[in-house]
Each structure stands twice: as structure tokens, then as C-alpha cells.
1. Filter 205/282; 205/309; 202/288; 202/252; 252/309 down to the pairs with a C-alpha to C-alpha distance above 24 Å, please.
2. What are the residues whose amide H is under 5 Å from the amide H of residue 293, where those residues sit 5 or more places off or on another chain and H is modelled from the backbone?
3. Before I look further, what does region 238-313 give for accessible area per residue, probe 1.4 Å, in whole square angstrom?
4. Applying a 10 Å radius around every beta-carbon, put 69-78, 156-165 in order of their mean neighbour count, most first.
5. Would you mind computing, in nm to one decimal, how far apart the modelled labels at residue 147 and residue 10 are, each placed 7 Å from Cα along Cα→Cβ?
6. Give me the log10 of I(q) over I(0) for region 214-346 at q = 0.13, 0.18, 0.21 Å⁻¹, as the Debye formula computes it from C-alpha points; what are the numbers?
Amino acid sequence: MINSISDKNRAIQYVAHLAAWLCFFFLPYLVFFPRLRDFSMSNHMLTVIVLNNIMLMVFYYLNTMVLIPKLLIKEKWFLYILSLVGCLLFFLYVPRTLAMMIYPPEIPLNVTENTRGINRGNRVGRIRRRPYADFFNTVLFLLVITFGACIEVVRRWLQTEQNRKETEHERINTELSFLKSQVNPHFFFNTLNNIYSLAIVKSDKTAHAVLKLSAIMRYILTETERNLVPLENEVSFIHNYIELQQVRLTDKVQVNFNIEGNTAPLLVAPLIFIPFVENAFKYGVSTKEQSSIEINLKVTDHTIYFYAKNYIVHSENNMMENTGIGINNVKRRLELLYPEKHQLSHVSENGYYIVHLEINTLS
């Protein structure tokens, strides 16, 4: 597939080059020659034009494919200029010399060998030979060389930009893969701790918790391999996580998860909300006093509004375990996946920790 695309692009380049040369060589003659009456071209003149055109094509590709990569790009300025001067002298002298050998210019019969004059009434004119180092051919050569150099420089710049973007894309994908690999162990570590605490007290809820964990693991193993997942799948994943957490909670903890809007048509990065939900349960749950967790998700057009609020439970264990892996991870993922398309704020206010996240899903 890649080879076929490459061959197609190469064929398009060949056709474009051929069309450009045809326009360059024939357009001036198509524009000006029809205006000249009784215009005739000698074999010598036609040979000179054909040889000049061939030489221009040769020097164009010599410049773009050899001189620029080998000399100009490597900043060998003197050798590059010297090479161009040599090419110019070759262009001015060699084609016309070859044309003289192939088709010598025709001399009128009334021109003597000695004077090469032309009788024009009572005066004798002279046939003026076109100088070798003429202005027109010099300008034409410099025009073709300059145009080729500009095209090659622009092409190399575009190639460099494409390589830079591909390198940056690969770097981002590598970093995202690493960040995603961090999410899963961090998530399972916290969840398995919860199930372990149920198993210690031999709770009847342990089996239900393992079932929910199985559904969560299935989602992580199948869905998170993709860059984007349906938002409704992510919402179902959060539901399962909340139900798994509620298995170990007491009546002192109140959890509200509200959805507003149609989540079906939108796609979102997987596991982008779960670190905030995790933190809410990890640092906002108390077994001794009343605590609450509120999670809201609102969808309008192409924008997702996520809101999480939890009571801050001050605990020595919580402070020691707060490594910040999950939050720092999701911040970095948001920067990579939604550059300039998200707004994140998190503050502690009146004993509550509040998170606001806004994501624009338009690509």
C-alpha cells in the first residue's frame, strides 16, 4: 500500500515537471510568433533553440540534484558559485558551437565571402552575428537556476517540517503510551487495596466487588488501546468504578453522579476523568464523619464539562500516600491530547476539593 502511494506521488511529480517544462519552452513562442507575419525559422536557429532548451533542463536538474545538496547545503559557497559560472560558460558556448556543426547558418547568395555584406539599394549592410555571451541567454540561465534553487530550498524546508512533525508525533505517542501504562497499575493498585480490605473482614460484598473489577479490567484491556473512545463507554466505566467503591463505603458517605446531555455522539480520550474520581474517593471518604462526593458530567454540542467535588478528609495516611501520580498524569495527557482545547482548574475551598474540567472535542 505504501509503495503504491509512493509510486503514484512519483508519477504525479514526473507529470508536473513535464508540464512545467512544456509551458516554459512553448508558451513564449505561442504568444509572440503568431503575431509575426511570414515568420520562418532556419534549421540552424531551430537547432540552437532545441540545444539551449536541453541544456537548461540538464543544468536545472544538475543544480537541484547535485550542486545544491553537495555544495550549497554544505555551505561550500565558492565551489558552488564556481560550478555555476562553469555551467553558464558551457551553456553560452557549447550549444551554439554544436549547432554550427550540425546546421551551419545559411549565407545569402548576394553576400560575398570577403565582405559578407548585403546590398540594400545603394548601401551595403552587414550580417550581424549574435554574440556568444549574449544578455538574453545569460538571464534565461540565471532565471532557471534561481527558480530551481528556490524550489529545492522550499522542498527541503517542507521535508524538514514534515520530519519534525512526524518526530514530534512519535514522541507524543510514545509519551502517551507511557502515561497510559502508568494509569493502569496506579488504578489497579488502589482498587485491589479496596477489595483486599473487604476480604480481610470477610465481607459478603467481596464477590460483587471482584465482578465489578472484572468489568473494569475488560474495559481497560479492550478500550484503552485506542486514542479515543465513545464518551458513553467512559461514563459506564465511571459508573462501574463508583459502584465498586460504594461496596466498601458506609452510610456516612453520600455519592452523587449526574449526567446531563447526550453522551452518545462524542469521543474522548480513555481514562481522562478517572484520576479525579479516584482522588475523590481516596481523599474524600471518612468512616467517622459525614462526607460527600459529587460528580457531574455535562455535554453541550462538542464540549464536555466535568465537575468533581469531595469533602477533604485530613488523615496522616492520606498525606503520606499522596504521590500525585494520577493528577500529574492526566494533566500531561490533557496537554498532549487537547492542546489549547481544555481548561482545568482544581482548588481547595471551604473544606472541599473542587475540580473543573472543560474539553472541546472538535478536532
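1. Violating the 24 Å Cα-Cα cut-off are 205/309.
2. So residue 293 has HN proximity to 254, 255, 256.
3. Using a 1.4 Å probe on heavy atoms only, each residue of region 238-313 averages 42 Å².
4. 69-78, 156-165
5. Inter-label distance under the simple model: 2.6 nm.
6. Ignoring solvent entirely, the Cα scatterers give -0.58, -1.12, -1.44.
The values are calculated or read from the model by the stated rules, or taken from the named source; none is laboratory data. None of these values were measured; they are calculated from a predicted model. Note that each Cβ is placed from the backbone with ideal geometry, even for glycine, and that neighbours are counted across all protein chains shown. Side chains included, ligands, DNA and RNA excluded: accessible areas come from the protein's heavy atoms. Shrake-Rupley method; radii C 1.70, N 1.55, O 1.52, S 1.80 Å.
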